[in-house]
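The values are calculated or read from the model by the stated rules, or taken from the named source; none is laboratory data. What you see is a predicted model, and the numbers here were worked out from it, not measured in a lab. Here the Cβ positions follow ideal geometry from the backbone for every residue, glycine too, while neighbour counts run over all protein chains shown.
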Amino acid sequence: MKKIFYVIALSIFIFSCKKAANLQEGGTGPELSASAKANSAAVHLPGDSIIQLDSTKFPKKAKNLKSLSSPVDIFSELYQLNGINFYIQTKDANFGNNTLQSQGKGKEVKLAPFSSSDRNQLFHLRFLPASSGIPYLLYSANEEAPIGAGSYTSNPNKYVLYTQAANSTSLFGFSWNFSMNATSDSFYFINQDILGSGNGGPWDVFNYYLDANNGAIGFARSNNSISQQFNIVPNDVFTLENIEYLNDATAQLSHIPDFITNWTYTNGTSVQQSINTSFGQKASKTSSFTNQNTFTTKMSTETKVGVPFVAGGSLKIEIGASLQNTYGKSETTEDTRSYDIPLLIPANTRVTATATISRYKMDVNYIATLRGQNTNKLIKVRGVWSGVDCTDIIVNTQQTNLKTNIVTKGAAFKLK
């Protein structure tokens, strides 16, 4: 009789698990919203828990104790965040789930919609001595515990991101390194402990990368996709302390097509007339700041800064110059100079005036120093300032006799 009871109970349990799995993995009915599907996780057996990985079960590979190759010194970049909490956001957001969020010690770290009031979404870095063999540790600010790779007891070969349990002391699975994407505006998070083997033979050994896929966070082999690219957003608002433009070999200056505008006036009388030209259009100047930093920073106020300009066909950088634009913004302004000139127009004559304005395109790297209002920490951010400047104004005139239709070249003027 007891055996029959156990068989029936086991059958009910298996049926229930299958039903739950179907709902969470493949449900399409109205009772399961798209957001719920994105947040669904694998079904685990009752009492299942995340366990620390066993270092003896992984292939050995020399750890890279330095940040991976990059045009930017990643360690110096990250060390600026020492003592600053930050959010970690994926570029591959799904149903608004773009921010890592701790669920407590011994539990998975999940993706969730951003919330500036949820301390579970804050993390910080810890920097250990090189002798520790750990490049970086990533801590949950709320739990004050490291986050790293573990696995459920029921599925030890599938790695999950979790916050270390309270009774654990080993740091295996919690060692991180970082590299930048091709545009140097986001990070790859690379676990230094868990290694995988590919199909390319005994030397095909790789580190696992943090990977955001369909609203879930996990680990995968490097694939250079946006699902493996993450932004770090410091939990502070910043003011601009200083900006330095780098007028070096990286600065680019190029002449672009001139701006041309015309004005025509007809004197159909028998007497000479004196009149000023009145051009209806003016050239535009542009200014834009493009962040090329892995940090996403929030500014407290808009700040006007001097920007590069062109003089004598050369790039000039004078921070105190009168040319001012808003840091971090893209702006277009009209050339403030006057293109108009006084003309004497003979009787029975049509005059056409053509204003030609030389224009130059500039691309200049910059380093901005920002100060956090809450932390008082200084961080430097990199970027490229791009702009168009207008220089010489040349006005040429042409006269047409209304009686004979003879066209003659008139006076030419160079304005400043």
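General remarks:
- Here Thr250 qualifies as outside any strand (DSSP E or B) and polar (S, T, N, Q).
- Of the candidates Asn242, Asn231, Asn213, Asn247, the single residue that is among the polar types (S, T, N, Q), surrounded by 13 or more Cβ atoms within 10 Å (Cβ to Cβ), more than 30 Å from Ile345 (Cα to Cα) and touching a Leu at 6+ places or on another chain (Cβ under 7 Å) is Asn247.
- Count of residues meeting criterion [farther than 27 Å from Met362 by Cβ and either of a type in the set (Gly, Ala, Ser) or touching a residue at least 60 places away in the same chain (Cβ under 8 Å) (or both)] in segment 375-415: 7
- Count of segment 250-278 residues, restricted to those that are within 37 Å of the chain's Cα centre (by Cα), surrounded by 14 or more Cβ atoms within 10 Å (Cβ to Cβ) and either farther than 18 Å from Cys390 by Cβ or among the polar types (S, T, N, Q) (or both), is 1.
- Number of residues in segment 151-185 that are assigned to a strand (DSSP E or B), closer than 17 Å to Ala220 by Cβ and in contact with a Leu (Cβ under 9 Å, 6 or more places away or on another chain) equals 7.
- Filtered residues of segment 127-145 (kept if of a type outside the set (A, V, I, L, M) and under 21 Å from Thr56 (Cα atoms)): Ser131, Ser132, Gly133, Pro135
- Of the residues screened, Asn98 is one that is within 19 Å of Phe295 (Cα to Cα) and in the same structural domain as Gly218 (by TED's automatic domain parsing).
- Whichever residue in segment 134-150 is touching a helix residue (DSSP H, G or I) at 6+ places or on another chain (Cβ under 8 Å) and assigned to a strand (DSSP E or B) and, among such residues, is surrounded by the most Cβ atoms within 10 Å (Cβ to Cβ): Ser140
- For segment 294-354, the strands (runs of 3 or more DSSP E) that sit wholly inside it and include 1 or more residues that are within 26 Å of Ile367 (Cα to Cα) and under 26 Å from the mean Cα position of the chain (by Cα) are 304-306, 324-326, 330-334.
- Among the candidates Asn207, Asn199, Asn231, residue that is assigned to a strand (DSSP E or B) and more than 30 Å from Thr369 (Cβ to Cβ): Asn207
- Of the residues examined, Leu171 is not one that is aliphatic (A, V, I, L, M), surrounded by 21 or more Cβ atoms within 10 Å (Cβ to Cβ) and at pLDDT 90 or above.
- Of all residues making up segment 93-111, the number that are at negative phi and either polar (S, T, N, Q) or surrounded by 19 or more Cβ atoms within 10 Å (Cβ to Cβ) (or both): 12
- Of all residue pairs spaced 6 or more apart or on separate chains, those with beta-carbon atoms under 7 Å, a first member in segment 174-186 that is touching a residue at least 24 places away in the same chain (Cβ under 8 Å) and a second member that is among the acidic types (Asp, Glu) are Ser175/Asp193.
- Test: Thr336 is assigned by TED's automatic domain parsing to the domain that holds Ser288, closer than 30 Å to Asn242 by Cα and either β-branched (Val, Ile, Thr) or at pLDDT 95 or above (or both): yes
- Matching residues in segment 194-232 - criterion: being modelled with pLDDT under 95 and among the acidic types (Asp, Glu): Asp204
- Search result, residues across segment 191-210 that are crowded, with 20+ Cβ neighbours inside 10 Å and aromatic (Phe, Trp, Tyr): Tyr208, Tyr209
- Given (1) touching a Ser or Thr at 6+ places or on another chain (Cβ under 7 Å); (2) assigned by TED's automatic domain parsing to the domain that holds Glu108; (3) in a strand (DSSP E or B), index of the condition Glu241 fails: (2)
- Sole exception among (1) crowded, with 20+ Cβ neighbours inside 10 Å; (2) touching a strand residue (DSSP E or B) at 6+ places or on another chain (Cβ under 6 Å); (3) in a strand (DSSP E or B) for Tyr188, by number: (1)
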